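First up is the structure itself, then whatever we jot down about it.
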Number of protein chains: 2
Amino acid sequence: MPRPRSLTNPQIAAAALRVLDRDGLDGLTMRAVATELGMGTMSVYRYVADRAQLEALVVDHVLAGVDTTVPAAEPRGRQVAVLAERVRTVVGAHTAVVPLILAHRHTSPASMRWGDAVLGVLADAGLGPARRVVAFRALLAYVFGALQVEHFSPLAGPGTAALAELDPADHPHLASTAREAQGIGPDEEFRGGLEILLRGLEL
Amino acid sequence: MPRPRSLTNPQIAAAALRVLDRDGLDGLTMRAVATELGMGTMSVYRYVADRAQLEALVVDHVLAGVDTTVPAAEPRGRQVAVLAERVRTVVGAHTAVVPLILAHRHTSPASMRWGDAVLGVLADAGLGPARRVVAFRALLAYVFGALQVEHFSPLAGPGTAALAELDPADHPHLASTAREAQGIGPDEEFRGGLEILLRGLEL
DNA sequence: CTCGTAAGCGTGCGACGTACGCTTACGAAG
DNA sequence: CTTCGTAAGCGTACGTCGCACGCTTACGAG
């Protein structure tokens with residue numbers, strides 16, 4: 001009966017994501033999102049309760065881009081690996097959301113769908129309930145931890161270079177290993193770590 | 001010759017940590033820290049360049065509490081596990097710093113000492129440079145990822161309870177596994193995940 | 001055409017980080 | 001004991017943030 005809504009949640013999330021990609025996390029303000037939407041600042045509050053909910057919307061929007069269908073022909077280990085790598089690919093296209101993801105992951109429906117898919121594979125693999133919980137949370141910790149580590153201190157970045165220049169007397173192993181590290185790409189790093197975890201899971 | 005400094009870095013970090021423990025991350029403001037130190041707000045800027053540096057100071061102060069000596073009598077796997085568990089114990093006593101740690105970990109001397117110790121064990125275990133890099137970063141991702149996951153959505157918390165109430169038709173595996181999950185304590189969870197990773201490392 | 005409802009927004013408030021420049025305490029030099 | 005250069009310490013002020021509040025306005029059912 002009254003005036004209809006002009007915006008959907010995905011439209012708001014997409015606008016916020018555009019701001020995030022363009023101006024970074026610091027640039028993500030209610031005012032900037034409103035401008036991106038062509039509205040006044042306070043109009044955004046017709047659609048979200050507060051900034052936290054806006055962030056949650058963005059996180060869910062990004063994670064909704066993850067394909068959660070399980071590749072049936074693959075062995076269990078590969079199925080889990082594929083699901084994990086899809087998250088990384090999607091998030092990698094919007095690196096500024098990384099810090100927001102862990103804060104809001106647990107309220108995101110898309111994240112739950114992904115979790116359900118992963119747990120399904122673990123169940124099919126024959127893991128009992130208790131082992132499934134631990135394995136799933138370990139996977140969660142690794143995937144989102146790796147995203148953060150890669151975001152804040154990429155192997156190819158200046159942090160590693162600085163480590164390489166360290167006095168070997170103070171940090172013998174760190175200095176020498178850092179020199180080796182710059183030759184390893186982010187894909188290789190993520191997959192390598194994932195392989196270790198999956199081997200430990202014995203899938 | 002001029003007026004001497006009245007504060008050391010550890011004193012500032014300790015004051016900020018007290019604020020953080022008492023009022024949480026939102027309560028950590030330059031004004032609050034200044035009050036805690038019994039000074040005017042702007043006086044704090046004689047000791048830190050900006051808020052980011054204050055945060056870095058806190059992170060390093062917390063991580064400095066981690067004992068990085070390697071227990072010589074233990075097997076390699078246990079040595080790594082002990083180093084990882086010490087981080088978790090120390091950080092667990094100040095849960096509000098968790099979000100700050102990943103952002104500033106790579107600028108912290110204490111963190112570097114810890115990294116050097118871990119890499120030393122990995123080298124002693126006979127891992128070549130490339131494998132060492134991947135193993136180390138995987139460990140980093142797991143340890144700090146697990147801290148964040150535990151902080152934002154603890155297994156015993158309301159998030160898991162909410163998952164357990166989910167419609168099993170939508171999320172069959174998530175719903176049933178969540179019911180199992182509440183019986184698992186944080187220690188068991190962290191160690192279980194760590195065991196998986198270490199088994200994959202074949203130390 | 002009327003009118004109830006909610007969309008949209010202008011203004012304003014309190015809190016934040018911090019730039020700037022003044023005042024003041026210290027301790028070495030005389 | 002006095003002087004004085006230096007940096008400690010701080011008061012004020014600015015721009016920006018999230019957001020509370022209440023007004024205006026567009027819509028669509030009757």
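The values are calculated or read from the model by the stated rules, or taken from the named source; none is laboratory data. Please read all numbers here as calculations on a predicted model, not as lab measurements. Cβ coordinates were reconstructed from backbone atoms using ideal geometry, including for glycine residues, and neighbour counts include every protein chain displayed.
For the reader, a short list of remarks on this structure follows.
- Residues within segment B:110-132 that are more than 9 Å from every other protein chain (Cβ to nearest Cβ), touching a residue at least 12 places away in the same chain (Cβ under 8 Å) and of a type outside the set (A, V, I, L, M, F, W, C), tallied: 2
- Test: B:A161 is assigned to a helix (DSSP H, G or I), more than 9 Å from chain A (Cβ to nearest Cβ) and of a type in the set (A, V, I, L, M): yes
- Residue within segment B:163-174 that is out of contact with any strand residue (DSSP E or B) (no Cβ under 6 Å at 6 or more places or on another chain) and in contact (Cβ under 8 Å) with a residue 60 or more places away in the chain present: no
- Residue that is farthest from the other protein chains (Cβ to nearest Cβ), among those in segment A:164-186 that are more than 25 Å from A:L102 (Cβ to Cβ) and surrounded by 20 or more Cβ atoms within 10 Å (Cβ to Cβ): A:A178
- Selected residue (criterion: nearest to B:L17 (Cα to Cα)) from residues of segment B:83-109 that are charged (D, E, K, R) and more than 8 Å from every other protein chain (Cβ to nearest Cβ): B:R88
- Being within 9 Å of chain A (Cβ to nearest Cβ), modelled with pLDDT under 95 and either closer than 30 Å to B:Q79 by Cα or not in a helix (DSSP H, G or I) (or both) is a property that does not hold for B:G200.
- Index of the failed condition, B:R51 passing every other in (1) within 14 Å of chain A (Cβ to nearest Cβ); (2) more than 8 Å from DNA strand C (Cβ to nearest atom): (2)
- The set of residues from segment B:3-43 being of a type in the set (K, R) and within 27 Å of B:H151 (Cβ to Cβ) comprises B:R18, B:R22, B:R31.
- Scope segment A:69-88; condition farther than 13 Å from A:L194 by Cβ and either touching a residue at least 60 places away in the same chain (Cβ under 8 Å) or surrounded by fewer than 16 Cβ atoms within 10 Å (Cβ to Cβ) (or both); matching residues: A:T69, A:P71, A:A72, A:A73, A:E74, A:P75, A:R76
- Close pairs (7 angstrom Cβ cut-off, 6 or more residues apart or separate chains): within 19 Å of B:P10 (Cβ to Cβ) in segment B:27-53, more than 10 Å from DNA strand D (Cβ to nearest atom) and among the small types (G, A, S) anywhere: B:L28/B:A16; B:V33/B:A15; B:V33/B:A16; B:E36/B:A15; B:L37/B:A15
- Residue in segment B:45-61 that is modelled with pLDDT under 95 and closer than 30 Å to B:L203 by Cα present: no
- Subset of segment B:187-197 that is charged (D, E, K, R) and more than 8 Å from chain A (Cβ to nearest Cβ) - its residue that is nearest to A:G77 (Cα to Cα): B:R191
- Whichever residue in segment B:1-19 is free of Cβ contacts under 8 Å to residues at least 40 places away in the same chain and assigned to a helix (DSSP H, G or I) and, among such residues, is nearest to DNA strand C (Cβ to nearest atom): B:V19
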